[in-house]
Amino acid sequence: KAMKENWKNPEYAIRQSKRINEALGKKPNKFEKQIIDLIEELALNYKYTRDGTFWIDGQNPDFIDKEKKKIIEAQGCWFHNCQNCYPSKPFIKSNRDKVYNNGYKAYEIWEHDLKDISKVKQVLLET
């Protein structure tokens with residue numbers, strides 16, 4: 001329980017995340033890179049933070065726009081048990097409620113959403 005509390009401390013979380021990510025060579029995956037490309041193409045203010053550079057209440061979101069207090073979570077269909085793509089896998093509840101409670105609005109982009117890039121662009125522009 002004490003370790004869980006430590007991760008709620010932003011300084012601790014950032015320091016530890018950087019160590020872990022450096023050791024693992026953590027970089028954006030293919031799906032996250034596609035979202036980064038869309039964010040850049042649309043000239044949006046979201047920054048990739050899954051590398052451990054931003055924490056909120058013990059959670060490390062994928063992308064954040066600090067100015068507008070908005071978060072984008074890139075949900076890989078296999079890893080997050082997408083019910084559209086893998087209906088027989090048990091659903092994993094997201095951490096969106098924790099993010100909302102801290103004044104941020106969270107949006108999810110599922111991996112299968114990239115089949116319709118124009119729709120994803122529309123969602124990004126409206127968020």
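The values are calculated or read from the model by the stated rules, or taken from the named source; none is laboratory data. Note that the coordinates shown come from a computational prediction; the quantities given were computed from them, not determined experimentally. Neighbour counts run over all protein chains shown; Cβ positions are idealised from the backbone, glycine included. Only protein heavy atoms, including side chains, enter the accessible area calculation; ligands, DNA and RNA are left aside. Shrake-Rupley method; radii C 1.70, N 1.55, O 1.52, S 1.80 Å.
Brief remarks on what is shown
- Helix 30-41 axis, angle to the chain major axis (alpha carbon atoms, nearest 10°): 70 degrees
- Report note on the peptides 27-34, 2-9, 106-113: ranked by the mean count of other C-beta atoms within 10 Å, highest first, their order is 106-113, 27-34, 2-9.
- Of the residues Ile71, Trp7, Gln83, the one whose Cα sits farthest toward the positive end of the charge dipole of the chain, with +1 on the Cβ of Lys and Arg and -1 on the Cβ of Asp and Glu, is Trp7.
- Within the same chain, lysines fewer than 8 places from Lys18 are excluded, and of the rest, those with a Cα less than 18 Å from its Cα are Lys4, Lys8, Lys26, Lys27, Lys47.
- If you plug the beta carbon distance of Trp78 and Lys8 into 1/(1 + (r/R0)^6) with R0 = 30 Å, you get a FRET efficiency near 0.55.
- Using the alpha-carbon positions of the chain, Rg (one decimal) and Dmax (whole number) come out as 14.9, 45 Å.
- Across Lys30/Lys70; Lys30/Lys121; Lys89/Lys119, pairs whose alpha-carbon gap is larger than 24 Å: Lys89/Lys119
- Across the accessible surface of the chain, with the other protein chains kept in place and a 1.4 Å probe, carbon and sulfur atoms take up 51 percent.
- Average accessible area per residue (Å²) across the chain - probe 1.4 Å, nucleic acids and ligands excluded: 65 Å²
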